[in-house]
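Reading through the structure tokens given below for one structure.
Values quoted throughout were computed directly from the atomic coordinates according to the rules given, and no laboratory measurement underlies them. Keep in mind the model is a prediction, meaning the values are calculated, not measured. Note: ideal-geometry Cβ built from the backbone for every residue, glycine included; neighbour counts use all protein chains shown.
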Amino acid sequence: MSTGMQHSHFLLLFQKLIPGLVLTACIAIIARLLAELPFFIAIGFGPHILGILFGLVFANIVVLPTSTQAGIHVSTKTILRLAIILLGFKITLFDIFAIGPVGFVVDIFMVASTAAIGILFGTRILKLDTDMSILVSAGSAICGASAVLATEGTLNSKPYKAAVAVGMVTIFGTIMMFLLPALQSLHLLGFSEQTFGIFAGATTHEVAQAVAAGFTSSDIAGESAVITKLLRVVLLIPFLFGVMWWLRRDTREHHAAVPFPWFVLGFVAVSVAHTFIVLPDLVVGHLISFDGFLMTMAMTALGLKTKYRDLAHVGWLPVILGIVLMAWLVFGGYFAVLFASTVFG
């Protein structure tokens, strides 16, 4: 193929993507602007959840032109993967080392146990399908909506399943965001502020929710929660490889080969590069902001691909799974922190 033909082919492909990309970007911009309002901040609804809600409502009251489908699809796949890669600018290897043995042990235990309990309880007890169980478990165990979307990118599941999982981790993560500081302020936990930060970072669903829970108690708790939560984000990497390995062994619901999550290696590469290559804070800030916008676009596109009729068939089982996992995060996390503090503190 000549250079001219390649250029023409690329131009035609880009023109095909423009309508869907523009629609998704516009809704994402609205979501990010409204997320700054005090009301949405107070209830813990960030741009990600607003994006998926606005996309869902829009797609179900307006008949989307066929010309938008290609761009929406790219937003849920390619743009999502790019957003996961750019997450690497939020953490360095130094952040991981700074967490200390207590946070490190608690994080690994809570991620592994929450994921295992969620998947087994969902599939064996509740009889939920494998995808839904994995998605809700990923969001609860690791980093909320971002983990749901990253896992969905590995599973290639139906969009409505990821939308439901995002809803579950948003609802129960919001409850945790208010519950944990209340328990600490009532002196029901018996934790120091730094230890409470580890507890909040190791158990609260979303990054923003963990930060809010920590800083609501104190600056010391907030800083501890941030570092602990960032390590949980890093644990998304082994989790996705574990999911890929497990599904390749159990192909009852996944007849095609499970794709290798190459974008996770991109996340690792960016994080390592960010550790040793010092960029100006302004540049890193812009990259993180751009990453947040891309993630909101991916969430919005997910909403645009979800229909009410799909959600109506889900029922209450994902809610039950979300409640079980929230209870485990609170009680299991409490005893895990107590044990680790006793041994390593």
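For the reader, a short list of remarks on this structure follows.
- Kyte-Doolittle mean at least 1.6 and Cα axial length at least 24 Å: DSSP H helices in the chain: 100-120, 317-344
- In loop segments of the stretch 264-336 as defined by DSSP, the chymotrypsin sites (Phe, Trp or Tyr not before Pro) with at most 13 further C-beta atoms inside 10 Å of their C-beta are W316.
- Rel. contact order, % - alpha carbon contacts under 8 angstrom, at least six apart, the chain: 31 percent
- Loop-exposed trypsin sites (Lys or Arg not before Pro) per DSSP, neighbour cap 16 Cβ within 10 angstrom, longest uninterrupted part of the chain: 1-126
- Under the convention that each Lys and Arg Cβ holds +1 and each Asp and Glu Cβ holds -1, the size of the dipole of the chain around its Cα centre is about 1020 debye.
- Nearby lysines by direct alpha-carbon distance to K90 (threshold 30 angstrom, same-chain neighbours under 8 apart not counted): K77, K158, K161, K229, K305
- Over the C-alpha atoms of the stretch 134-283, the Rg to Rh ratio, Rh being the Kirkwood estimate, stands at 1.04.
- Peptide ranges 167-180, 130-143 listed from the most packed, as the mean C-beta count within 10 angstrom indicates: 130-143, 167-180
- The distance linking the stretch 265-317 with the stretch 148-217 is 17 Å (Cα centroid to Cα centroid, whole angstrom).
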